[in-house]
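I have placed the structure first, in the form of structure tokens, so that the comments after it can refer back to it.
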Amino acid sequence: MVAVVDYDAGNIRSVEKALLSLGEKAMITRDREEILRADRVILPGVGAFGDAMNKLNAYGLADVIKEVVENNTPFLGICLGLQLLFESSEETPGVDGLGILKGRIIKIPENKGLKVPQIGWNSLNFPNKGRLFAGIDEGAYVYFVHSYYLQADEPEIVTAETEYAAHIHASVEKGNVFACQFHPEKSSDVGLRILRNFLTV
């Protein structure tokens, strides 16, 4: 059973639908005990960093997520879910992220000819190929929707990168913690393969 953390962020149903298409039971919940009992946990999300952190704290979910990670349960952050795992974001100065991983979230710079937010497909390179990308070729395309991007402090945890007005850390892996800036649930066969790989770690 996969617990999909419900903190009123967008995109939760599309994650559930993708999991169901892979034959996996998904439970959308903010109940502490249900999350801690799950075999795997996903933190999806579309929205603003500060608002999301306020809701995670208000629902008591920030501590639950940290407990999941400490228990060594496989954990996947998607889009905003990746950003929240880090220490801070330029989107909401003064608001602390979960701080599970070291790094910060930065605004995509204005660049002639490139719109912000980035909405669309972009290719991945694998500086440190992680378990999420088993069986996936270098240069595979995935779907992004974001205005801010990750700059991780630990280059060794970066498993996928892309370029869009900046050098973007698109996916990370550290122990039982995985995260993608892109949306695997909207990335066609490549995305479903990534989710399937997460379900087997």
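All of (1) open to solvent by 10 Å² or more (accessible area, probe 1.4 Å); (2) part of a loop (DSSP other than H, G, I, E, B) hold for L101 with one exception: (1).
The residues of region 156-194 that are part of a loop (DSSP other than H, G, I, E, B) and more than 17 Å from V145 (Cα to Cα), listed by number, are G175, N176. Would you confirm, using the coordinates I've provided, whether V95 is among the β-branched types (V, I, T) and either open to solvent by less than 10 Å² (accessible area, probe 1.4 Å) or within 27 Å of L192 (Cα to Cα) (or both)? Judged against the criteria, V95 is not a match. If you go through region 22-45 and keep only what is open to solvent by 70 Å² or more (accessible area, probe 1.4 Å) and either within 17 Å of the chain's Cα centre (by Cα) or at pLDDT below 95 (or both), you end up with just K25. Restricting the first member to region 49-73 and to residues that are open to solvent by less than 30 Å² (accessible area, probe 1.4 Å), and the second to residues that are outside any helix (DSSP H, G or I) and charged (D, E, K, R), the beta-carbon pairs closer than 7 Å and six or more apart or on different chains are F49/E91; G50/E91; L61/R30; T73/R40. Scanning region 53-96 for residues that are touching a Ser or Thr at 6+ places or on another chain (Cβ under 9 Å) and closer than 20 Å to A152 by Cβ gives M53, L82, Q83, E91, V95, D96. Taking the listed residues V116, V145, V69, V95, the one that is touching a Gly at 6+ places or on another chain (Cβ under 9 Å) and either over 29 Å from A26 (Cα atoms) or basic (K, R) (or both) is V95, with no other qualifying. For region 137-159, the set of residues classified as open to solvent by less than 10 Å² (accessible area, probe 1.4 Å), under 27 Å from G113 (Cβ atoms) and either over 12 Å from the mean Cα position of the chain (by Cα) or without any contact (Cβ under 8 Å) to a residue 12 or more places away in the chain (or both) consists of V142, V158, listed by residue number. Taking the numbered list (1) in a helix (DSSP H, G or I); (2) over 17 Å from G191 (Cβ atoms); (3) touching a residue at least 24 places away in the same chain (Cβ under 8 Å) in turn, F86 passes all entries but (1).
Answer yes if at least one residue in region 113-127 is touching a helix residue (DSSP H, G or I) at 6+ places or on another chain (Cβ under 8 Å), among the hydroxyl-bearing types (S, T, Y) and assigned to a strand (DSSP E or B), and no otherwise. The answer is no; no qualifying residue exists.
The values are calculated or read from the model by the stated rules, or taken from the named source; none is laboratory data. Everything numeric here is computed off the predicted structure, so don't read it as measured data. Please note: Cβ atoms are built from the backbone with ideal geometry, for glycine as well, and neighbour counts cover all protein chains shown. When the accessible area is computed, the model is the full protein with side chains, heavy atoms only, and any ligands, DNA or RNA have been set aside. Shrake-Rupley method; radii C 1.70, N 1.55, O 1.52, S 1.80 Å.
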